[in-house]
């Protein structure tokens, strides 16, 4: 194997994600088969979409039979956050060469959290370390979703509540981000806009309104956020 040290380091770094993705992916696989979709749809989505939150939302889209426009708008807003935090790792990926497109494609919230919170070994070949970290994380997600889908296609049981596993992971990542940045303002903006959206708009539009208002709040307070160490 090329760059064995980079692979070993990436593997040890990615173990927390492996634990989370295994459970979350399994839950996703169970949910998608509970709607009578074929197991291989979970595999296809995890390879070519690879967006945990959006994949869970997609199950709701399928079940509610939403229109293409509603799905398009929700998808844009849900994944828009990656356009913003992705900019902060462009410098890391600058010298990645042919690996760069995959690194951009595979940049999830969890991978970003590892890239920005774990101190890197300066002796590692960075582009291969980033590649292995990204590829390992996706392999955990694919493995979990396929196992869950296969299990769900063979054993039928009540899957109510499994979708909360994604929420639990986001709570953990939020805590880790706060520990790393020590800036409470973005979290306060998110909490306030969420409460406002719950009270003022229908539940079907709550997510879009929350994300829009949060982005507006962060834009208005960008100078304050930029000055926080």
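The values are calculated or read from the model by the stated rules, or taken from the named source; none is laboratory data. In this text the structure is predicted, and so the values were computed from the model without any measurement. Methodologically, a virtual Cβ is constructed for each residue, glycine included, from the backbone with ideal geometry; neighbour enumeration extends over all protein chains shown.
A few points about this structure:
- Pair list, Cβ under 6 Å, 6 or more apart: region 91-110 residue closer than 20 Å to residue 18 by Cα, other residue part of a loop (DSSP other than H, G, I, E, B): 103/93; 103/96
- Residue within region 216-223 that is at pLDDT below 85, over 24 Å from the mean Cα position of the chain (by Cα) and not in a loop (DSSP other than H, G, I, E, B) present: yes
- Test result for residue 89, outside any helix (DSSP H, G or I) and buried (at least 17 other Cβ atoms within 10 Å of the Cβ): yes
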